[in-house]
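The structure appears right after this line, and notes come after that.
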Amino acid sequence: MPADGGLLDWVPAGDRGAGLFLPSEYLVKPATERWERREAMRLRREVFCAEQGLFGRDDRDTADRSALLLVAVSCLSGMPEQVVGTVRLHESAPGEWQGSRLAVHRDYRRVAWLGSELIRLAVGTAHARGAWRFTAQVQAQNVPLFRRLHWHTLEEIELHGRPHHRMQANLAHYPPCKAAGFVSMPRRAA
Ligand SMILES: CC(C)(COP(=O)(O)OP(=O)(O)OC[C@H]1O[C@@H](n2cnc3c(N)ncnc32)[C@H](O)[C@@H]1OP(=O)(O)O)[C@@H](O)C(=O)NCCC(=O)NCCS
């Protein structure tokens with residue numbers, strides 16, 4: 001155990017609840033380990049099947065055969081601990097990339113910009129692989145988040161009976177990224 005008893009690995013969750021602590025460091029990276037892929041799929045089922053009811057028991061589809069899977073992993077004492085976010089990206093036609101299945105664990109939303117960082121790594125990675133266009137079908141409630149991240153609406157559509165926007169990222173704001181990932185940290189409570 002570290003000299004501080006591991007306490008430096010946790011930060012107060014602020015307005016999320018007195019006495020609640022969250023890990024102080026997250027890795028946003030491609031899923032390279034089998035457990036990371038397994039836990040990312042579990043998180044997708046929790047979010048898209050159980051929480052949102054968009055799919056039955058399993059949200060996997062043909063895009064998963066070729067998609068690159070990214071994860072956000074919480075760390076304790078510098079060691080990866082839990083997959084708390086995920087997104088996938090795939091090339092649907094030469095140079096045309098799509099992102100989908102963006103999900104952050106309920107307890108880790110709005111704490112460490114994990115959704116934003118997953119989007120940044122997804123688009124930057126595709127850009128580095130030659131993307132000239134990156135699009136996603138965004139649930140209507142998330143459109144403001146994507147707009148702030150320099151995406152614009154191409155068309156409004158209905159998917160799974162819910163309103164969505166087909167949106168495109170402005171690649172000028174997403175430099176090609178060949179890094180193995182990012183470290184993301186939560187904003188500490190005052
Ligand atoms: C959409 C989703 C992925 C966003 O994940 P997230 O990690 O909460 O995203 P971010 O933290 O990057 O940004 C979300 C918001 O929290 C804010 N935020 C981020 N970190 C913060 C912090 N430390 N303190 C205060 N606010 C913070 C951001 O400014 C942003 O503000 P907004 O609500 O006004 O848009 C997540 O809500 C989710 O999984 N939803 C369910 C599934 C879903 O809808 N998927 C997307 C399909 S298109």
The answer for the net charge of residues other than C49 whose Cβ lies under 9 angstrom from its Cβ, with Lys and Arg +1 and Asp and Glu -1, is -1
Any chymotrypsin sites (Phe, Trp or Tyr not before Pro) in segment 110-190 that lie in a DSSP loop and have at most 11 other Cβ atoms within 10 Å would be W132
So the angle from the long Cα axis of helix 34-44 to the longest Cα principal axis of the chain, reported in degrees to the nearest 10, equals 70 degrees
By the Cα gyration tensor axes a ≥ b ≥ c (a/c under 1.5 gives rounded; else a/b larger than b/c gives prolate, otherwise oblate), the shape of segment 24-101 is oblate
Computed over the chain: longest principal axis from alpha-carbon atoms vs helix 114-128 long axis, angle to nearest 10 degrees, is 50 degrees
A chain fully extended from Q52 to W132 at 0.36 nm per residue, minus the present Cα-Cα distance, gains in nm 25.6 nm
Across all Cα atoms of segment 23-184, Rg and the largest Cα-Cα distance (Dmax), in Å, are 14.9, 45
Env charge @ Y174, Cβ radius under 14 Å, K,R +1 / D,E -1, value +4
Fewest-first ordering of T62, T153, T135, T32 by Cβ atoms within 10 Å yields T62, T32, T153, T135
So, over other residues within a Cβ distance under 12 Å of R133, counting Lys, Arg +1 and Asp, Glu -1, the net charge is -1
Least to most buried among I157, I119, by other C-beta atoms within 10 Å and fewest first, runs I157, I119
Measuring from its Cα centre, segment 23-184 shows a charge dipole (+1 at each Lys and Arg Cβ, -1 at each Asp and Glu Cβ) which, in debye to the nearest 20, is 100 debye
Neighbour-count ranking for M79, M185, M41 (other C-beta within 10 angstrom, fewest to most) reads M79, M185, M41
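Coordinate-derived values only; no laboratory data. A quick note: this is a predicted structure, and the numbers were derived from the prediction, not measured. Neighbour counts run over all protein chains shown; Cβ positions are idealised from the backbone, glycine included.
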